[in-house]
Each structure stands twice: as C-alpha cells, then as structure tokens.
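Input: a single structure, listed below in structure tokens.
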C-alpha cells in the first residue's frame, strides 16, 4: 500500500485563524492540478477539503488536514481537537448549523459544509467525540483519471 | 410565462462577452487582472454573499458577484474554479485579498453599483444565471 502513494502532504490548521483559512485547501488544489487530475476531480477534492478545513477553523481548537494520493484515489483526512459534534446525523443535515453571527458574516456557517463534503466525495466517514474532536475521512475515486498516468 | 424565462436563446445570437466587456458595462475598476485575464470569456454569473452556497451550488467557470471582501472569496474562487469576482457596493477589499487574487490569478473587479444593478447590467449584455446551464 505504501508503495502506491504518489503524493502526500499535510497541514497544521489553527482554530480561529480566519486570515489563513482555506490556504491549505488552495495548496491541495494546486498540487492536484500539478498531478494532472482532471478539473472536475480537482474541484470535488478541493471543495471537500475546503469545507473540512473551514469546519476546523470555525469550530475546533486546532487540527490537521492531510492528503494522500494513490493511483486509484485521493484521500483527505481532517482530524481536529475541539468541541466535537454531539449528533453527527443532525449535523449532516442541510441547513443545520451552530455558527455564530461572526462566522456567518464571513460567508460561512450556512449548515451546508458536511453535506457538501458528502456530495463531492465518493466515500465519507465521520467520527466525533464530544469534548475531544472530530475526524473526517474523505475519498475521491480517481481510477486512471490522471492525464499522464 | 415563467417557463419562457428559463429558455436559453438558441438562435446563435448570444454575443461573446469577455471580462473586459464587463469592466466597460458596469464601469468597474480592475483591482486584479492583466490583459490576458481580462480576455476570459464569461457566459454565466452568480450573485451571492454566502460562500457556503457558492461551494454547494456554483458551477465551474462562472463569474461571482459578491459584497464580501475577505480572502475566503478568492480562495472560494480558486477552489470552485470560478472565472473571476466582482465586488459590489464600492467596497474596498483588504490588501491581503488583492495580493492573494494576484498570486492565484483570480481577476478581481470592483464596482460602486449595488448587487441587483450589477446583475441587471450583466444580463443586458447577455450574461445568464447558472440555472441556464442545464439547457
């Protein structure tokens, strides 16, 4: 499995750092473009990563956003230390949000994030422990999609 | 008549609209955009102050019309593969937003027009909403 890794990178995410929020996902997008994935695949991975990154900035104390690319898939891991999500099923529903007015003023917190990750990924797994943190594992299938592979 | 509103003109008369035409149409100031970026062809636009909605609904290649001025607008444009951003209501974006747009090659226009006026002027020169994409 390890031999199949084409590319991997990871970023430290600081909760509440609105200035840098989204920086990691932009770098993920740039890396996937350089790896010659088609625009549609890059876009889906970018949106899923960005939503996961924004969730960590908006709600967690700190976290990591990591991406591993194999010939078959793009895998994105968002792992944070923070308040956690008491009811994941409820949080997955469109429009459900615990965002503050400050978050909404930035154009986020509409309660679309988790469902949008699901929409843009082929597999999504989320586990959360209240008071400890949340882990989101995203898989975007990319079987032979790279134009130079 | 509602259904006719959704009909895309199919007589081939739709003019080719480039970003530079949009600059002229709304009297925009070019905050970020060189000659080549302003040559980008635009067919559809979306007006939105909610980046969550842009990420959930916007199609790639659209022009975003927004009243937000923070860096997340540019990052949203990069990630959702948008053609450019118009900032309305005469708002001056933060320096960091302009620098980021320059670095990421995201055209950034500013206009004193409000959002509805901007949309209406763009519609006059043939820009359409994203719901037309399905036709």
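Classify chain B as rounded, prolate or oblate, taking a ≥ b ≥ c as the square roots of the eigenvalues of its Cα gyration tensor: rounded when a/c is under 1.5, otherwise prolate if a/b is larger than b/c and oblate if not.
prolate
Which percent of Cα-Cα pairs in the protein assembly as shown sits in each 10 Å bin, short to long?
For the protein assembly as shown, the binned pair fractions read 6, 28, 32, 23, 9, 1, 0 percent.
Listing A:70, B:118, B:95 from the residue with the fewest other Cβ atoms within 10 Å to the one with the most, what is the order? Mind showing how you got there, number by number?
Values: A:70 16, B:118 25, B:95 8.
Least to most surrounded, the residues fall as B:95, A:70, B:118.
Among the DSSP beta bridges whose two residues both lie in the protein assembly as shown, what percent are antiparallel, rounded to the nearest 5?
75
Note down the nm distance, to one decimal, between modelled labels 7 Å out along Cα→Cβ at residue A:98 and at residue B:92.
3.9
Rounded to the nearest 5, what % of the DSSP beta bridges within the range B:18-106 are antiparallel ones?
Once the DSSP bridges in the range B:18-106 are tallied, antiparallel ones form about 10 percent.
With just the Cα atoms defining each centre, how far is the range A:15-60 from the range B:9-66? Give it in Å.
The distance from the Cα centre of the range A:15-60 to that of the range B:9-66 comes to 23 Å.
With chain A treated as a Gaussian network of Cα nodes joined by springs under 10 Å, which of A:139, A:130, A:41 yields the largest mean-square fluctuation?
Judging by the Gaussian network model, the answer is A:130.
Give me log10 I(q)/I(0) at q = 0.23, 0.27 Å⁻¹ for the range B:37-79, Debye formula, one equal scatterer per alpha-carbon, no solvent.
-0.80, -1.06
So what's the angle, to the nearest 10 degrees on a 0 to 90 scale, between helix A:39-59 and the longest Cα principal axis of chain A?
Around 30 degrees separate the two axes.
Okay, helix-only estimate at 222 nm for chain B: each DSSP H run of n ≥ 4 adds -39500 (n - 2.57), divide by all residues, round to 500 deg cm²/dmol; what do you get?
Value at 222 nm, helices only: -9500 deg cm²/dmol.
Any read-out appearing in this document is the output of simple, stated calculations on the displayed coordinates, not a laboratory observation. The shown structure was predicted, so the numbers you read here are calculated from the model rather than taken from an experiment. Don't worry about glycine lacking a Cβ; one is built from the backbone with ideal geometry, like all the others, and counts go over all protein chains shown.
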